[in-house]
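Everything on this sheet refers to the single structure shown next.
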Amino acid sequence: MVEALFQGKRAIVTGGGGGIGSAIVADLHASGVSVAAIGRSASVHDVVAALPANGASSVSVQADLSDRTACEDAFGRALDQLGGLDILVTSHGHVRPQPSSTVDEQDWDLTLATNLTSVFQLSQLSFTVMEP
């Protein structure tokens, strides 16, 4: 029943190169969703390459989403390859566990850019192409 709801949809999943993101990519793909997996490392290509053939076309895009220009470019490449967008999953993130007293300004800026600004930017970009 759930698979029928997702069949033929198109999704962008960030953090698709590992962990929760790669599991979401695999589950959506198995449900018939065409997925553009975006990840910071080259492992995002391996995740997509390992997906079984099932009629859904899934692609990988390697990008550092903490950079505004790279974020917009990755979204555009993913959108072009999917031909549209129905679902956005932002499962990427940056964390460097350490006491707050030792976090420097550069790491703080990277954390905000990755965990907040890029999610906001991707959401805004998605709103312009997703149908209500």
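Each value in this text was obtained by applying a stated rule to the coordinates, not by laboratory testing. Here the structure is a predicted model, which means the values were calculated and not measured. Note: ideal-geometry Cβ built from the backbone for every residue, glycine included; neighbour counts use all protein chains shown.
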Calculate log10 I(q)/I(0) of segment 1-104 for q = 0.16, 0.18, 0.21 Å⁻¹, where I(q) comes from the Debye formula with a single equal point scatterer on each Cα and nothing for solvent. -0.64, -0.77, -1.00
So for segment 2-127, averaging the separation of alpha carbon pairs under 8 Å that are six or more residues apart and normalising by length, what relative contact order in percent results? 26 percent
Projecting each Cα onto the charge dipole of segment 76-132 (Lys/Arg +1, Asp/Glu -1 at the beta carbon, about the Cα centre), which of 106, 124, 93 comes out farthest on the positive side? 93
How many angstrom lie between the C-alpha centres of segment 6-38 and segment 102-128? 21 Å
At q = 0.11, 0.13, 0.18, 0.24 Å⁻¹, what log₁₀ I(q)/I(0) does segment 52-132 have when each alpha carbon counts as one equal point scatterer in the Debye sum? -0.37, -0.49, -0.81, -1.17
Find how much the distance from residue 98 to residue 30 grows on full extension, using 0.36 nm per residue of separation minus their present alpha carbon separation; answer in nm with one decimal. 20.8 nm
